[in-house]
Structure formats: structure tokens, C-alpha cells
Amino acid sequence: MNFKGCDIINIDDLTREELDHILSVSSKMLPLMKKGSSLCKGKILASLFFEPSTRTRLSFESAMSRLGGKVVGFADPTATSEKKGEVLADTIRTIDGYVDIMVIRHPQEGSAKVAADYADVPVINGGDGGHHHPTQTILDLFTIKEEKGRIDNLSIGFCGDLKYGRTVHSLAYALAKYKDVKVTCIAPKALEMPRYIINHLKMNGVHVIEKESIEETIEDLDVLYATRIQKERFGSEKEYMDVRGSYYIDENIMSKAKKDMILMHPLPRVDEIRYEIDDDKRTVYFKQAHYGVPTRMALIALLLGAVK
């Protein structure tokens, strides 16, 4: 399977076979995390972060370093020519001549597609507004596969900000490619999953349930994927305060879950997951964050043609 020169913009552009291949290559990257590799020696990754990030940015930079390549870029857009009024297309055209591959995170929806349209090198979407976050989805799928042994035939719950949460949007599209998946959406009315995503899931044979209470459904779940209420996506402080603290996952909630359920979260968390449950063996959110390195190593190596 040849990914060389491709862009990763929207998870729905990938077939199940392509996703499974990326997950397979990610598994092969696990041992390389410790011993390193020269697969991408002489190659340069542009890390273009127009929006704050900890895990996505650092895991991409770590991934490229572990592959033997180098990283250039920025994490503060005020230090770039955007501050002078330069449009994104011109920024991308310029950087395209400096590097071999680029990852971009931008608050504007559709920005990654713009970057791909103007760049000759492969472009990876590191998150564009409330739109898509395909590499988070790939590490989420990898986490489920590693921890549960499969993705097919699982009952998966999404909880929290399902309206603005790009991680759950992208993961929902990916899960629609797998067999016998049941998805439960748990959110207050103001933050429920967009109807177009619900409809997409149903059209692809996914059994969808919508609830407002975790307690009603947690005992049936194999995976619970929690998200924070994203203050930065709201139009006003009042809007945010009206839904803040809608859900808390604590020892009481976890006591109702299956003994082998896994609790995931894309991080950062605010107050939706209590620190008291961090030692519960079913909480895998920090392991999930660590899986960002092998999955992003796989993507970089595949797009640069270093592996097939």
C-alpha cells in the first residue's frame, strides 16, 4: 500500500484497509520508539502550530526525531508573518520550499485543506478548528486496538462536548468503517452530537443511542471516550458556564462500569475526570497520549515513502 506523497486531511478520506495498514505500521514503530531509527534521516518536518497544543505538537516532533529526521517550525503564530497580514496560502507556499513534509494546526476550519492545495510536500492535519483531527483519530483507533484487541463488535460511548469536539467527530467517522459497532452519545442538549454525524453513522450501519446520563448506559460500554467542555469554542462566557461541569467521572461512576472497560480522553482534561481514578487500570488516557508517537512515526514514514 503506497501512501508516499499523500496528504492526511480528513479521516473519512481513508478506507478501512488503509486505516488498518496504518495501525499495523504503528505497531512496528513501537520498538523504534526506544532504539531510534534512521528511516527519515535527512528529511525535515515543518511543525506549524497556529493554535495551542501540547500533545499533538510534541508527539509529532518526537516522532520525527525518533525517525532520524529534523523539525523546524513554530508554536506561536504571533512570531510569524501572519502578524504582518500574510495569508495562509503564502505562508504555506514559502515553507513548502524549506521542508519535506508539514503538519499544521489552525483554528480556522478547512485550513489544512488550503495548506494541502498550496503545498507540494505531504500535509498532515493536526486539527483545524472544530472540524477534523485525523491523527488523533488514528492514535485513538490504535489505543482501542491495543487495549481491547479489536475495533469491530464493540460498544463505544462518547461523553461530554460532542458538538464542538473534533476528536469525537473524526473518531465517529472512522468507527463507521468497522463492523457491528454500537455508539452511545452522552451529552446535554446544548452539546449533543451534530445530526449530520448521527445520520452518517446510521447510514453506515452503526447502532446509535443518544443519552444525557452516563449512569444510564455505562454498564454496557466496552470503551468510554470522555471529552472536556471546550471553553474556546463557545461564543460567550455565559454559554460555556451554562454547560460547564455537566459530567464528572469518578470512583462511583467507574464502579458501575465493566471490569474490562477502558476510559479514554484526548486530553487536556479540566474537571470531567477526577484525579482519584487515575490509578484505575481501566483509565488509559496517558497511555493513549503516548501512542501518539508511534502512530505519528508511522504516518510520517508512510507519507515520505520510508516504509510501505
Ile209 vs (1) among the aliphatic types (A, V, I, L, M); (2) buried (at least 17 other Cβ atoms within 10 Å of the Cβ); (3) in contact with a Cys (Cβ under 9 Å, 6 or more places away or on another chain): all pass except (2)
Going residue by residue through the stretch 145-152, is there one that turns out to be closer than 30 Å to Arg93 by Cα and either outside the structural domain of Lys28 (by TED's automatic domain parsing) or β-branched (Val, Ile, Thr) (or both)? no
Anything in the stretch 132-182 that is under 15 Å from Thr56 (Cβ atoms) and among the charged types (D, E, K, R)? List them, or say none. Asp140, Arg166
Test Phe50 against the criterion of being in contact with a Lys or Arg (Cβ under 7 Å, 6 or more places away or on another chain), crowded, with 20+ Cβ neighbours inside 10 Å and either closer than 15 Å to Leu139 by Cα or polar (S, T, N, Q) (or both), and give yes or no. no
Answer yes or no: is there a residue in the stretch 50-66 that is part of a strand (DSSP E or B), of a type in the set (Phe, Trp, Tyr), farther than 20 Å from Gly5 by Cβ and not assigned by TED's automatic domain parsing to the domain that holds Ala172. no
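The values are calculated or read from the model by the stated rules, or taken from the named source; none is laboratory data. None of the values given here were measured: they were computed from a predicted structure. Every residue, glycine among them, receives a Cβ derived from its backbone with ideal geometry; neighbour counts consider all protein chains shown.
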